[in-house]
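Let me begin by presenting the structure, written as structure tokens, before commenting on it.
Every number here is computed from the coordinates shown, using simple stated rules; none is lab data. Here the structure is a predicted model, which is why all the values come from computation and not from measurement. Cβ sites come from the backbone with ideal geometry, for glycine too, and all protein chains shown count toward neighbours.
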């Protein structure tokens with residue numbers, strides 16, 4: 001299971017209702033921040049998730065509306081938070097800007113009380129945790145080094161309690177041994193193998209997160225069968241030519257990608273102030289009925305094979321038109 005908290009959902013500039021792009025991904029005990037627009041640290045506090053374990057930052061690209069909040073956030077981490085080290089992942093052009101911002105303006109590198117690792121993204125698996133992986137893949141936007149991310153829960157085989165009981169496997173660490181894939185020798189000498197008590201493999205939850213992007217044809221293999229796709233919808237179809245000129249998508253394009261690739265739920269973000277929210281959602285749902293437009297402080301929970309579940313926000317946000 002993954003959870004996603006939308007900290008900022010506006011495009012290019014903040015509005016009364018929306019802060020600049022940032023999302024927190026919660027994966028068990030692990031936490032990731034994707035992008036860090038201006039004001040993100042305050043949005044983290046408003047959301048109630050806090051700063052604890054939020055020490056991996058994944059940046060989709062180099063544009064300032066997605067990275068400018070790093071100055072304040074890292075400054076706070078350095079001075080106040082109990083964090084020993086921070087990883088900031090991004091393409092080369094993105095990290096060059098982050099380097100200039102942090103070490104040219106905000107921080108005194110010689111006196112840093114924490115370690116800051118700037119890690120250049122490549123199209124590959126970048127995180128291999130116990131229960132999930134994170135892959136980075138290239139996307140097309142203005143300039144080089146733009147990336148999307150796939151959070152994939154690992155395949156697991158459910159433990160069949162009734163079969164274990166029938167075979168005389170006691171409750172306790174013995175069952176954990178079998179779940180880990182190790183054979184077990186019972187007191188009577190019988191050997192129980194994992195295959196005897198584990199069910200068929202069950203695919204894990206797949207979350208795909210894409211920031212600013214101007215093409216969908218090269219996204220298909222990455223998006224296929226996702227339980228949730230988070231992607232921009234900066235323009236409506238009536239302004240498709242403008243969207244193409246600036247390397248962005250329309251709500252209809254995002255919805256078309258979702259329906260064609262078997263996505264279960266579509267969550268749109270990077271919302272422009274030029275449109276009403278209801279017009280964006282109407283355009284998306286005319287193609288893909290299970291589409292949402294994220295608002296700041298929205299909190300979604302993802303499950304395998306079924307629509308996302310929206311949790312009650314801990315902070316009240318004002319309705320838009």
* Asked: So, by mean Cβ neighbours within 10 angstrom, what's the order for 150-161, 202-213, 286-297 with the highest one leading?
  -> 202-213, 286-297, 150-161
* Acute angle (nearest 10 degrees) that the helix 92-101 long axis makes with the longest principal axis of the chain, alpha-carbon atoms -> 70
* Centroid-to-centroid separation of segment 185-238 and segment 1-65 [C-alpha atoms, Å] -> 22
* To do: Compute the acute angle (0 to 90°) between the alpha-carbon long axis of helix 251-260 and the principal axis of greatest extent of the alpha-carbon atoms of the chain; round to the nearest 10°.
  => 20
* Asked: In segment 1-116, what % of DSSP beta bridges are antiparallel (nearest 5)?
  -> 60
* Structure fact -> Where a ≥ b ≥ c are root eigenvalues of the Cα gyration tensor, a/c under 1.5 meaning rounded, otherwise prolate if a/b exceeds b/c and oblate otherwise, segment 47-119 counts as oblate
* Pull up the DSSP beta bridges for segment 222-321 and report the antiparallel fraction as a percent, rounded to 5. => 30
* Which shape class applies to segment 1-124: rounded if a/c is under 1.5, otherwise prolate when a/b exceeds b/c and oblate if not, where a ≥ b ≥ c are the square roots of the Cα gyration tensor eigenvalues? -> rounded
* Run through the DSSP bridge list for the chain and note the antiparallel percent, rounded to the nearest 5. => 60
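Let me have the relative contact order for segment 9-69, percent, based on Cα pairs under 8 Å that are six or more residues apart.
For segment 9-69, the relative contact order is 34 percent.
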* Give the peptides 61-69, 192-200, 133-141, 298-306 in descending order of average Cβ contacts within 10 Å, highest first. => 61-69, 133-141, 298-306, 192-200
* **Over the chain - Rg/Rh using Cα atoms and the Kirkwood inverse-distance radius** => 1.04
* Asked: Nearest 10 degrees, 0 to 90: what angle lies between the long axis of helix 70-79 and the longest principal axis of the chain (Cα atoms)?
  -> 60
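Could you tell me whether segment 163-311 comes out rounded, prolate or oblate from its Cα gyration tensor? Rule is a ≥ b ≥ c as square roots of the eigenvalues, rounded for a/c under 1.5, then prolate if a/b exceeds b/c, otherwise oblate.
The shape class here is prolate.
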* In percent, how large is the relative contact order of the chain, given Cα pairs closer than 8 Å and 6 or more residues apart? -> 17
* So, in Å, what gap is there between the alpha-carbon centers of segment 241-286 and segment 77-143? -> 29
* Sorted peptide list for 256-266, 4-14, criterion being average Cβ within 10 angstrom, highest first -> 4-14, 256-266
